[in-house]
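The values are calculated or read from the model by the stated rules, or taken from the named source; none is laboratory data. Remember, it's a predicted structure, so these values are computed and weren't measured experimentally. FYI the Cβ positions are ideal-geometry reconstructions off the backbone, even for glycines, and counts take in every protein chain you see. Surface accessibility is based on the protein's heavy atoms, side chains included, excluding ligands, DNA and RNA. Shrake-Rupley method; radii C 1.70, N 1.55, O 1.52, S 1.80 Å.
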Amino acid sequence: MSPVISSSALNAEITVAKFGGTSVADFVAMSRSAKIVINNPTTKLVLISACSGVTNILVELANGVADAEHRHTLITRLRAIHQSVLADLQQPEMIADQIDALLDQVSELAVKAAEHKSAELTDQLVANGELLSTYLFTQIMNELGADAVRYDIREVMRTDSRFGKASPEPEMIRQLTEEKLLPLLQTQIVVSQGFIGSDEQGRTTTLGRGGSDYSAALMAEAVDAGTLEIWTDVPGMYTTDPRIAPKATPIKEISFSEASEMANFGAKILHPSTLIPAVRRQIPVFVGSSRAPEQGGTWIRKSVTEAPLFRALALRSNQTLITLTSLNMFHAYGFLAEVFRILAEHKVSVDLISTSEVSVSLTMDQTDTGGGAPTLPPGAHAALSELCRVEIEQDLCLISLIGNRMSQTAGSVSTVFDTLDEYKLRMICYGASPHNLCFLVKTEHAMPIAQNLHRKIFE
Ligand code: ADP
Ligand code: ASP
Ligand code: MG
C-alpha cells in the first residue's frame, strides 16, 4: 500500500489522545484521564487500551485453557476488574447490560479456544478488552459533564487479514474516517478502541501487543490532527526504561528519527510502528503521564534543537538468532538471494543481519498478539537445511544505543565497548544507521550490561 500523501494542512483544532492500560486501569485512573481530555477543548478523539492486565488474561484464554476451573477463575478476574469500575459509576445501569454481554461472549469464545485455538479466534477474543473499557470510559466522561460518545473503531480501522499482527490500510482508513467519523467529531468527543481493527470481510483483527499507540497515530493521520498525545504511566520518554535504570532522566524533546529507533529497538513506551503515520503527516507527538500531567513530558518532532551523540538506551528481549553456514557461500553469488526467497515464502520477517564469508546471522523479532519467543516455521527450517547448516539460539536480548552521527563520530564505539570487556557479544550491528549501535547478548547478562552502560554514558 502506498503511503497516504494528503495535501491538506494539519488541523490545530484537533488533538487525538491515547490512554494506555494503566491510565484506564480502574475508576480513579479513568477519571483522571477523562479530566485530561475535558481540560483540553481541542481533544476530539480519544483512543484507549483495555484496562491494565485485561489483555494478558484474554491472551491466556485465547491460547486455550483446557481446565474449566482455571478458565472460570480467569473470567471471574475479568468480571471483577470491570465490575469495580461499574460500582463507582453514578448510573451503572446505562452500560451494565453491554458489559455483561461482552463478558458472556468472552466465556463462550474461551471455551472454543480451549477446543481449538486459532489466530482469528485470538483476535476476536482479545478485542473484548478494548470493547469493554471504552463503555466504562465513555460513561465516566459523560458523568463528568462531557458530551462523549462511544464509537466502534472497526468501522474505520481497516486492516489486512493477518490476524495477530494486521497491517493497516491508511488510504481506506482515511476514506472511511471522512465518511463515517469526521461528522461525529464536529459535535462530540468520540471515545474509541486502540489495538483493534477489521478486515475487508468485517472480521476483527489486532495490530499486535501494545498496538493502541499505533492506532492513535493512524487516526491522528486520518483526521489530520495537529497533535497526537500518548498518555501513559511515566512523564515522557527517558534515557532508558526507568525500570532498568532508576536514574534515567526524562527527554524534553527528541527527533522523529531517534524516537522511531527507540520504539523499534524495544523502548516499550511506544509501539514500534507508532511514528510511521506521524512522520508521514509530520504530526508532533507528546508523551506524558496521566498520573502527573503537570510534570510535562516529551515532544517528538521533525526537528529539535539538540542532537546529542548518545540519546538513549533500549533493550529488546525474546530475540531469536538464526545462523546459516555454508561453504558454498564463499565467493558465490545467489546464496543470500535463495535464503531470503525461502524466508519471504514462509513470511519470516528478518530484523538484523550480519554476514561473514561463509555464514549469515539474522534475528527475528516477535510482536504478534499471541506472544512468546519467535521460532522458524518448520517449512522454512526444512528448506534452509537443504541449503546450509541452520543453528537457532534463543534466550537473547538486543541492547541498542540510540543517538546521532554515531557511525561518523570517532571514539563512539570505544566508549561503548570498553564497558563490555567481560561479556560475550553474539552479534553487533553498527554503521547501517547513524542513529543506532546495537548488539545481542545472553538474556542473563542484559540487565547488568544495560545498567553499566547507562551509568557510564548517561548518569
Ligand atoms: P501503556 O499501557 O500506557 O501503553 P506501556 O507499559 O506500554 O504503557 O509503556 C510504558 C512503559 O514503558 C513505562 O512504564 C516504562 O517502564 C517503559 N519504558 C520503556 N522504555 C522507556 C523509556 N525509554 N522511557 C520511558 N519509559 C520506558
Ligand atoms: N491492550 C493491548 C495490549 O495490552 C494494546 C495496548 O494496550 O496498546 O497489548
Ligand atoms: Mg503500550
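Identify, please: which residue in segment 231-270 is β-branched (Val, Ile, Thr) and more than 13 Å from residue 285 (Cβ to Cβ) and is, among those, farthest from ligand 1 (Cβ to nearest atom)?
Filtering segment 231-270 for residues β-branched (Val, Ile, Thr) gives 232, 234, 239-240, 244, 249, 251, 254, 269.
Imposing the further condition that a residue be more than 13 Å from residue 285 (Cβ to Cβ) reduces the set to 234, 239-240, 244, 249.
Values: 234: 5, 239: 7, 240: 5, 244: 8, 249: 10 Å.
By that ranking, first place goes to 249.
Please verify whether segment 341-348 includes one or more residues that are modelled with pLDDT of 95 or more, part of a loop (DSSP other than H, G, I, E, B) and on the phi < 0 side of the Ramachandran plot.
no
Counting residues that are within 15 Å of ligand 3 (Cβ to nearest atom), which strands (runs of 3 or more DSSP E) fully inside segment 183-299 reach at least 3?
Once the strands (runs of 3 or more DSSP E) in segment 183-299 are filtered for at least 3 residues that are within 15 Å of ligand 3 (Cβ to nearest atom), what remains is 225-232, 285-289.
How many residues are touching a Leu at 6+ places or on another chain (Cβ under 7 Å) and of a type in the set (S, T, N, Q) if we restrict to segment 437-459?
Going through segment 437-459 one residue at a time, the tally reaches 1.
Does residue 313 count as surrounded by 22 or more Cβ atoms within 10 Å (Cβ to Cβ) and of a type outside the set (Gly, Ala, Ser)? Explain how you work it out, then say what you get.
Values: surrounded by 22 or more Cβ atoms within 10 Å (Cβ to Cβ): yes; of a type outside the set (Gly, Ala, Ser): yes.
The answer is yes for residue 313.
What is the residue count in segment 393-409 for residues that are open to solvent by 10 Å² or more (accessible area, probe 1.4 Å) and in a strand (DSSP E or B)?
Summing the residues that are open to solvent by 10 Å² or more (accessible area, probe 1.4 Å) and in a strand (DSSP E or B) in segment 393-409 gives 3.
Look at residue 277 and say whether it is under 20 Å from residue 316 (Cα atoms) and out of contact with any strand residue (DSSP E or B) (no Cβ under 8 Å at 6 or more places or on another chain). Don't jump to the end; show me each part of the working.
Details: under 20 Å from residue 316 (Cα atoms): no; out of contact with any strand residue (DSSP E or B) (no Cβ under 8 Å at 6 or more places or on another chain): yes.
Considered against the rule, which asks whether it is under 20 Å from residue 316 (Cα atoms) and out of contact with any strand residue (DSSP E or B) (no Cβ under 8 Å at 6 or more places or on another chain), residue 277 comes out as no.
Which of the residues spanning segment 224-238 are more than 16 Å from ligand 2 (Cβ to nearest atom) and open to solvent by 10 Å² or more (accessible area, probe 1.4 Å)?
224, 226, 227, 235, 238
Would you mind telling me which numbered condition in (1) away from ligand 1 (no atom under 12 Å from the Cβ); (2) open to solvent by less than 30 Å² (accessible area, probe 1.4 Å); (3) closer than 26 Å to residue 52 by Cβ residue 293 fails?
(2) is the only condition that residue 293 fails.
Among (1) within 16 Å of ligand 1 (Cβ to nearest atom); (2) under 20 Å from residue 285 (Cβ atoms), which single condition is residue 224 missing?
So residue 224 meets the others, but not (1).
Condition check ((1) among the hydrophobic types (A, V, I, L, M, F, W, C); (2) touching a residue at least 60 places away in the same chain (Cβ under 8 Å)) across all residues:
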{"site": "10", "(1), (2)": "yes, yes"}
{"site": "23", "(1), (2)": "no, yes"}
{"site": "35", "(1), (2)": "no, yes"}
{"site": "46", "(1), (2)": "yes, yes"}
{"site": "61", "(1), (2)": "yes, yes"}
{"site": "86", "(1), (2)": "yes, no"}
{"site": "91", "(1), (2)": "no, no"}
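Scan 197, 211 and give me the residue that is within 10 Å of ligand 1 (Cβ to nearest atom), surrounded by 24 or more Cβ atoms within 10 Å (Cβ to Cβ) and within 18 Å of the chain's Cα centre (by Cα).
Values: 197 fails: within 10 Å of ligand 1 (Cβ to nearest atom).
That would be 211, the only listed residue that is within 10 Å of ligand 1 (Cβ to nearest atom), surrounded by 24 or more Cβ atoms within 10 Å (Cβ to Cβ) and within 18 Å of the chain's Cα centre (by Cα).
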